Amino acid sequence: MAAKLFDPATRDHACLLYAWCRACDDLADGQDMGHGMQVVDDPAARLATIRERTALALAGQPSGDPAFDGFGLVARECNIPAAVANDLIEGFALDARGWRPQTEQDLYQYCYHVAGAVGVMMAIVMGVSPQDEATLDRACDLGIAFQLANIARDVREDHDAGRRYLPLDWLKELKIPESELFAPPYRARLASLGTRLAERSAAYEASARVGAAALPFRSAWAVLAAAGIYGDIAREVARRGTTAWDARVTTSKRAKLGWVMKSWWQARHPKAGTPRAPTLWTRPR
């Protein structure tokens, strides 16, 4: 929905970037267009394929996969640094190693690799200079907000696939056994963590909204719409409480259209440039 708001050239570049991200994710998780996540028996080999095809694409050489070749094209046309692309791949490497966050800071580090780096690349696609660190930090914040919403929504799905993105420190704090996340005695405590993730997501979303003022109007419109649409996922998880994982949280077409309209006004009247909160995690340089 939000992508329809981009100007045609930006939308085309965003689609090429998305296709590469989607192809990497599907390779890593044995999925088909983001569906059917499973435990794969060759994670290291899949990661090596992602690295090899990406390196070829960035070097302007055929990779054998159009999604990777398309990314090479958009990286060259938009000057996306290879280091940021490799930061995303490191997120797949963390999953391949069976990594799990121990602390809240670990959680943000993971969110950067799998989503914040995408935010940085998207900002560059929208015309932000790779040297504009302040705006790229805000773009990273939006990626982190999205990923926190994802994690809040997908606690059960991840648990069923043998993954855990809730920091171990949080589970210990509330005395929730890692192997019994969904046992009835712990459901209310787990719901409080869903709310905590939603609150953290909202903080990063608010920061990103300030950064949208640096974008051209149509890009700001699209970004603000996406922020509202995706933010509603985290907000709905918090609203549902103990029933948050009984059915997958989605947003309706009506709600999305509502954000498209509200975001047009927001893009026309950008927020004043308030300083980025020092309490927010900051991406590595």
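The values are calculated or read from the model by the stated rules, or taken from the named source; none is laboratory data. Everything numeric here is computed off the predicted structure, so don't read it as measured data. Every residue, glycine as well, gets a Cβ built from its backbone with ideal geometry; the counts of neighbours run over all protein chains shown. Surface areas here come from the heavy atoms of the whole protein model, side chains and all, with no ligands, DNA or RNA. Shrake-Rupley method; radii C 1.70, N 1.55, O 1.52, S 1.80 Å.
Quick notes
- Over the chain: helical MRE at 222 nm, DSSP H runs n ≥ 4 each giving -39500 (n - 2.57), nearest 500: -21000 deg cm²/dmol
- Kirkwood Rh, angstrom, the stretch 94-169 [1 / mean 1/r, Cα pairs]: 13.1
- The convex hull drawn around the Cα atoms of the stretch 143-188, when projected onto a plane and averaged over every direction, covers 3.4 nm².
- Taking 0.36 nm per residue of sequence separation and removing the Cα-Cα distance, the Asn79/Arg22 pair yields an extension gain of 18.5 nm.
- For the stretch 153-246, a crude dipole built from +1 on the beta carbon of Lys and Arg and -1 on the beta carbon of Asp and Glu, taken about the Cα centre, is about 220 debye to the nearest 20.
- Think of the chain as having a plus end and a minus end, set by charges on the Cβ of Lys, Arg, Asp and Glu; of Pro66, Pro101, Ala44, Pro101 sits farthest toward the positive end of this dipole.
- Rounded percent of accessible protein surface that carbon and sulfur make up, the stretch 192-285, 1.4 Å probe: 60
- Inter-probe distance in nm under a simple model that places probes 7 Å from Cα toward Cβ, at Asp169 and Arg218: 4.4
- The tail of the calculated P(r) for the chain, taken as Cα-Cα distances beyond 29 Å, holds 33 percent of the pairs.
- For the stretch 95-254, the calculated P(r) over all alpha carbon pairs, in 5 Å bins from 0 to the bin holding the longest distance, is 2, 9, 18, 21, 18, 14, 9, 6, 3, 1, 0 percent.
- Dipole of the chain, positive end: most advanced residue of Pro270, Phe217, Val237 [Cβ charges, Cα centre]: Pro270
- Cα pair distances exceeding 26 angstrom across the stretch 43-157, given as percent: 23
- What the stretch 183-273 shows is 49 Å² of accessible area per residue, with the surface traced by a 1.4 Å probe over protein heavy atoms.
- Estimated distance in nm for a label pair at Arg248 and Ala203, the labels positioned 7 Å out from Cα along Cα-to-Cβ: 3.0
- Here the dipole of the chain is about 1180 debye; that uses its Cα centre as origin and unit charges on the Cβ of Lys and Arg (positive) and Asp and Glu (negative).
- Potential extension, Ala134-Arg97 segment - 0.36 nm per residue separation minus Cα distance: 10.1 nm
- Extension gain, Arg240 back to Met261 (0.36 nm per residue minus Cα-Cα distance, nm): 5.0 nm
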